[in-house]
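S.K.: The structure under discussion is supplied below as structure tokens; questions concerning it will follow.
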Amino acid sequence: MSPGLLVAGLTKRYGRLVALDDVSFHVKPGEILGIIGPNGAGKTTLLECLVGQIAADGGTLTHGPASAAFYVPDAIAPWPAQTVRWALAFVIGFMNGRADALPGTIRDLSLAPFLDQTIGTLSKGQRKRALLAIGLLTPQPVLVFDEPFDGLDLRQTRDVAAMLRRLAAAGRTFVLSIHQIADAAGVCDRFVLLSGGRVCGEGTLDELAVLAGIPAGPGALPEVFLALT
């Protein structure tokens, strides 16, 4: 089972700007946790602190070894002159990735049509699927994705969500930063509501609905978020 994660009192400042203000929550092993909030809420800063890409100014972070997590940022084009096929082979070879998962990952993310296209020439949606594949093929049990559905169409979003659900059921842990609340509702087990760098709620949809005083249901998350933030 993947390691869990405990965040307590995490704070990050940029000069006079407080990007994260006393952020506390936990991630259960083998779950999909959604960090949801509007643009500018502090989601990306939070993820970068979680994986050690930037140093927090205060608070504690308790989890397994740093090597247990792999972070896939949003809107990047790694190795732009190399092909998607090369990038996947690099992850498997150099990073001791999951070779047995390669055929299924190519199939589930519909990568075959652009495997031999250079990453720098991919469309936004193609690049997002390539980035997802890079993350999923790494050996780390905890994956941290920034905006995993950005650039995907409705069918692709549905298929990626189903893929993540299968992997979580097999024991992998996911932390997803998502600004589209409808996407988060369709894939996450629990949620952390982030607004203005502060946690406004944490729990399952039913738990958050009770906190907000709103009837629970599949479409309740947007109203819950508006009520609590």
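S.K.: Consider only pairs whose beta carbons are under 7 Å apart and that are at least six residues apart or on different chains; among these, list those whose first residue lies in region 79-91 and is at positive phi and whose second residue is buried (at least 20 other Cβ atoms within 10 Å of the Cβ) and of a type in the set (Val, Ile, Thr).
M.R.: Partner pairs satisfying both residue conditions: TRP79/ILE119.
S.K.: If you don't mind, another one. Checking the conditions here, which among GLN140, GLN156, GLN117 is touching a strand residue (DSSP E or B) at 6+ places or on another chain (Cβ under 6 Å) and either within 29 Å of ILE54 (Cβ to Cβ) or not acidic (Asp, Glu) (or both)? Before you say what the answer is, go through the steps one by one.
M.R.: Numbers: GLN156 fails: touching a strand residue (DSSP E or B) at 6+ places or on another chain (Cβ under 6 Å); GLN117 fails: touching a strand residue (DSSP E or B) at 6+ places or on another chain (Cβ under 6 Å).
Selected residue: GLN140, the only one of GLN140, GLN156, GLN117 that is touching a strand residue (DSSP E or B) at 6+ places or on another chain (Cβ under 6 Å) and either within 29 Å of ILE54 (Cβ to Cβ) or not acidic (Asp, Glu) (or both).
S.K.: State whether the residues of region 175-191 include one that is at pLDDT below 95, within 25 Å of VAL51 (Cβ to Cβ) and assigned to a strand (DSSP E or B).
M.R.: yes
S.K.: Across region 43-100, what is the number of residues that are over 18 Å from the mean Cα position of the chain (by Cα), under 24 Å from ALA112 (Cα atoms) and not hydrophobic (A, V, I, L, M, F, W, C)?
M.R.: Number satisfying all stated conditions: 9.
S.K.: Can you tell me which residues in region 1-41 are in a loop (DSSP other than H, G, I, E, B), more than 14 Å from the chain's Cα centre (by Cα) and not charged (D, E, K, R)?
M.R.: Scanning region 1-41 gives MET1, SER2, PRO3, GLY4, GLY15, PRO29, PRO38, ASN39, GLY40, ALA41.
S.K.: So, one more: Restricting to region 75-116, count the residues that are over 25 Å from VAL175 (Cα atoms), among the polar types (S, T, N, Q) and surrounded by 17 or more Cβ atoms within 10 Å (Cβ to Cβ).
M.R.: Final tally of qualifying residues: 1.
S.K.: What number of residues within region 174-184 are buried (at least 22 other Cβ atoms within 10 Å of the Cβ) and more than 8 Å from the chain's Cα centre (by Cα)?
M.R.: Matching residues across region 174-184 total 2.
S.K.: While we're on this one: Among (1) out of contact with any strand residue (DSSP E or B) (no Cβ under 8 Å at 6 or more places or on another chain); (2) more than 20 Å from GLY151 (Cβ to Cβ), which single condition is THR62 missing?
M.R.: Condition (1) is where THR62 drops out.
S.K.: Could you pull out the residue among ALA227, ALA130, ALA168, ALA161 that is of a type in the set (A, V, I, L, M), touching a helix residue (DSSP H, G or I) at 6+ places or on another chain (Cβ under 7 Å), buried (at least 18 other Cβ atoms within 10 Å of the Cβ) and in a helix (DSSP H, G or I)?
M.R.: Working: ALA227 fails: buried (at least 18 other Cβ atoms within 10 Å of the Cβ); ALA168 fails: touching a helix residue (DSSP H, G or I) at 6+ places or on another chain (Cβ under 7 Å); ALA161 fails: touching a helix residue (DSSP H, G or I) at 6+ places or on another chain (Cβ under 7 Å).
Just a single option satisfies the conditions, and that option is ALA130.
S.K.: Just for region 138-167: of the residues that are in contact with a Ser or Thr (Cβ under 6 Å, 6 or more places away or on another chain) and hydrophobic (A, V, I, L, M, F, W, C), which one is nearest to ILE92 (Cα to Cα)?
M.R.: VAL142
S.K.: Could you tell me which of the residues GLY59, GLY34 is more than 19 Å from LEU132 (Cα to Cα) and out of contact with any His (no Cβ under 6 Å at 6 or more places or on another chain)?
M.R.: Details: GLY34 fails: more than 19 Å from LEU132 (Cα to Cα).
None of the others qualify; the one that does is GLY59.
S.K.: Which one of these does ALA81 not meet: (1) touching a helix residue (DSSP H, G or I) at 6+ places or on another chain (Cβ under 9 Å); (2) part of a helix (DSSP H, G or I); (3) over 14 Å from ALA133 (Cα atoms)?
M.R.: (2)
S.K.: I've got another one for you. Just a yes or no: is a residue in region 66-74 buried (at least 20 other Cβ atoms within 10 Å of the Cβ) and within 19 Å of PHE149 (Cα to Cα)? Don't jump to the end; show me each part of the working.
M.R.: Let us first name the residues in region 66-74 that are buried (at least 20 other Cβ atoms within 10 Å of the Cβ), namely 69-70, 72.
Still in the list and also within 19 Å of PHE149 (Cα to Cα): 70, 72.
Yes: region 66-74 contains one or more residues that are buried (at least 20 other Cβ atoms within 10 Å of the Cβ) and within 19 Å of PHE149 (Cα to Cα).
The values are calculated or read from the model by the stated rules, or taken from the named source; none is laboratory data. Only a predicted model underlies this, so the values are computations on that prediction, with no experimental measurement involved. Methodologically, a virtual Cβ is constructed for each residue, glycine included, from the backbone with ideal geometry; neighbour enumeration extends over all protein chains shown.
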